[in-house]
Amino acid sequence: MVEAAAVLERLDTAGVTLEVGKCTFGATSIEYLRHHLGPDCMRSLQRLVTAIEKFPQLMEDLVAAVQQRSNQCRDLAERGSYKGMLLRTTDGVLKARTDEGCRTVLPVELWATAFNEAHGSIWAGHLREPQTLARLKRAFWWPQMRASVAAWVIGRQDCGSRKVRSKLVVPPLRSVGVGERCDRWAMDLAGLLHVTPRSNTYVVAFVEYLSKYAIAVAVPNRAATTVARTLMEEVMLRHGSFRGLLTNGAKELVGSVMEELTQPLQAKHTTPVPYWPNLVGLVQRFNRTWKGVVSMTTNATQDDWGEWLPAAAYAYKSARYTATGFAPFEIMYGRLHRAPGNLLRPERRESDRQARYYDRGVRSDFKVRDGLLVWAYKPPRGPHITKFRHQWRGPAVLLEAIDFDNHRILFLDTREKEVVHCSALVPYHVDDSVLQAQALDLASSLGDDAAASSAPDDEVVVALPVRLLTWPHTRLHQTEAGGFLAEVARRKRTGMNVAERIWVSLGDYELLWRDGRVEGNVLT
């Protein structure tokens with residue numbers, strides 16, 4: 001380095017100049033000297049040349065002399081190796097064969113000089129431990145070299161007072177307390193952005209701490225009155241009064257206007273300390289999110305961001321939040337949001353879930369089958385209908401099943417046929433003992449006493465099947481109790497062709513029909 005400086009001085013004395021674009025002589029040394037580039041030549045700065053001349057240089061003759069009086073170097077030379085690494089004396093200088101090559105073993109007495117050259121010199125730049133170690137390993141080696149370099153670098157006064165370092169003490173995270181929904185909001189102001197057609201240049205953002213529900217509103221300026229009006233319209237008048245508001249220390253967020261707004265509400269306004277601004281990190285992270293979403297849709301001039309801001313806020317609110325496991329919209333409103341895709345393409349899973357929920361109320365207290373006597377729910381309609389009119393009609397006979405749980409029935413009193421859903425049908429119960437007595441009494445009054453008394457013991461008086469009551473020749477009689485009697489044909493077991501007619505109840509139909517004792521309109 002000193003020789004390069006002397007060459008430059010002699011060239012200057014002789015009036016010889018070096019062209020900057022073509023000079024390759026001593027390029028590294030001239031770079032260290034931080035030469036001055038003039039209009040026609042390069043010259044070294046004299047004060048830097050002087051500093052280089054006064055800086056101690058580790059020449060090999062100096063290193064060899066110090067090695068001779070160093071006990072550590074003499075011990076290493078006698079051992080000939082160190083942890084598998086060979087140590088040999090070449091030209092009076094002890095050297096070690098490292099993985100990077102042959103390096104001079106530097107005695108402890110010269111460590112400080114080497115540290116100053118590799119770390120504290122003007123070309124070393126006071127860099128960190130890895131850079132300093134790399135510079136020293138180019139020429140020197142000594143035992144536990146990395147540890148000694150690290151201890152030297154970390155102990156420098158100049159480096160310790162200036163360099164940025166990682167925090168050695170980080171306090172644990174403390175919860176700010178979210179309370180109930182809409183109790184605590186964080187507010188922040190983002191901008192300056194490109195002017196939109198509506199003259200908006202800033203965005204006021206709000207995030208609710210419990211649900212993570214976010215609001216983003218474009219505003220024309222960052223005045224305190226504008227921010228306060230936005231807080232009133234978008235938060236208080238929509239979601240109610242709040243108990244806590246967190247903002248940073250910006251003057252438009254902590255001024256007298258904001259104080260006049262929060263004091264009547266008895267809301268606590270909190271701002272973070274300057275050295276720990278993470279208190280409002282929730283809303284600042286939302287600002288980063290909506291900016292990323294808007295950047296995907298904005299035009300080349302970036303002046304239409306106001307049109308995409310509501311959509312970006314909606315995407316944030318409707319997406320699942322990792323910390324809570326739910327979408328902010330779901331926690332705020334207590335239901336899932338409905339996107340256009342959900343309305344057009346409903347999920348089968350949700351349909352099955354709703355079906356299972358409905359099927360919990362499914363009941364089947366009686367088996368609906370053809371020929372069953374039922375009540376049908378048919379409330380009367382029309383003018384002059386009062387609350388005292390009866391809602392159920394019957395008896396009716398189930399004729400056949402139709403699709404979607406509907407049945408065709410026949411009303412026995414009016415002979416009308418209608419289609420009724422199964423949920424509007426209940427069984428019609430018949431008191432057989434009373435109806436049988438009424439049937440015998442009616443038959444006696446019609447002159448059938450003799451036929452009834454002469455019937456053999458093995459002959460059973462049975463009821464006509466309900467499905468045969470639809471025939472035109474069958475007569476029905478309604479008693480004062482509300483029950484029905486049917487006029488049916490009966491013949492003896494001897495195969496007589498002429499059948500006599502009797503009045504019987506309807507209650508025995510199902511038993512005889514199951515036994516197969518009905519043939520056409522005649523009972524056997």
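Each reported figure results from applying straightforward, stated rules to the coordinates on display, with no laboratory input. Everything numeric here is computed off the predicted structure, so don't read it as measured data. Reconstructed Cβ throughout: ideal geometry from the backbone, glycine too, with neighbour counts over all protein chains shown.
Based on the alpha-carbon gyration tensor of the stretch 60-162 and its eigenvalue square roots a ≥ b ≥ c, which shape applies: rounded if a/c is under 1.5, prolate if not and a/b is larger than b/c, or oblate? Prolate shape, in that a/c is at least 1.5 and a/b is the bigger ratio. The chymotrypsin sites (Phe, Trp or Tyr not before Pro) of the stretch 196-285 that DSSP puts in a loop, and whose beta carbon has at most 15 other beta carbons within 10 Å, are TYR275. Pairs of Cα atoms in the stretch 373-427 fall into 5 Å distance bins, from 0 up to the last occupied one, in shares of 5, 20, 29, 21, 15, 7, 3, 0 percent.
If Lys and Arg each add +1 and Asp and Glu each add -1, what is the summed charge of the other residues whose beta carbon sits under 11 Å from the beta carbon of VAL203?
Working: positive: ARG222, LYS291; negative: ASP188.
Net of charged neighbours comes to +1.
Summarising the label geometry, the points placed 7 Å from Cα in the beta-carbon direction at ARG229 and GLU259 lie 2.3 nm from one another. Close amide H partners of TYR428, meaning residues 5 or more places away or on another chain with modelled amide H under 5 Å apart, are LEU373, VAL374, TRP375. Just add up the charged neighbours of ARG88: K/R +1, D/E -1, any other residue whose Cβ is under 12 Å from the Cβ of ARG88. Taking every Cβ under 12 Å from that of ARG88, the sum is +3. Can you give me the long-range amide H partners of SER241? Hydrogens built in the peptide plane at 1.01 Å from N, cutoff under 5 Å, separation of 5 or more residues or another chain. Amide H to amide H, under 5 Å and 5 or more residues apart or across chains, SER241 pairs with nothing.
Counting beta carbons within 10 Å around each of ILE409, ILE154, ILE215 and listing the fewest first gives the order ILE154, ILE215, ILE409. Beyond a 21 Å Cα-Cα separation, which of these cross-linked pairs lie in this structure: LYS95/LYS137; LYS268/LYS291; LYS212/LYS251; LYS268/LYS317? Too far apart for the 21 Å limit: LYS268/LYS291; LYS212/LYS251; LYS268/LYS317. Each label was represented as a point 7 Å from its Cα along the Cα-to-Cβ direction; for THR13 and ASN406 these points are 12.1 nm apart.
The mean sequence distance of close C-alpha pairs (under 8 Å, at least 6 residues apart), as a share of the length of the stretch 205-287, puts its relative contact order at 31 percent.
Listing ILE331, ILE402 from fewest to most neighbouring C-beta atoms within 10 Å gives ILE402, ILE331. Taking every DSSP beta bridge with both residues inside the stretch 177-289, roughly what % is antiparallel (nearest 5)? Restricted to the stretch 177-289, the bridges split so that about 65 percent are antiparallel.
Packing-based ranking of 88-94, 138-144 yields 138-144, 88-94, ordered from highest to lowest mean Cβ neighbour count within 10 Å. With neighbours defined as other Cβ atoms within 10 Å of a residue's Cβ, the residues TRP305, TRP123 order from fewest to most as TRP123, TRP305.
Grab the Cα-Cα distance for THR98 and ILE154, subtract it from 0.36 nm times how many residues apart they are, and report the gain in nm with one decimal.
Gain on stretching THR98 to ILE154: 17.6 nm.
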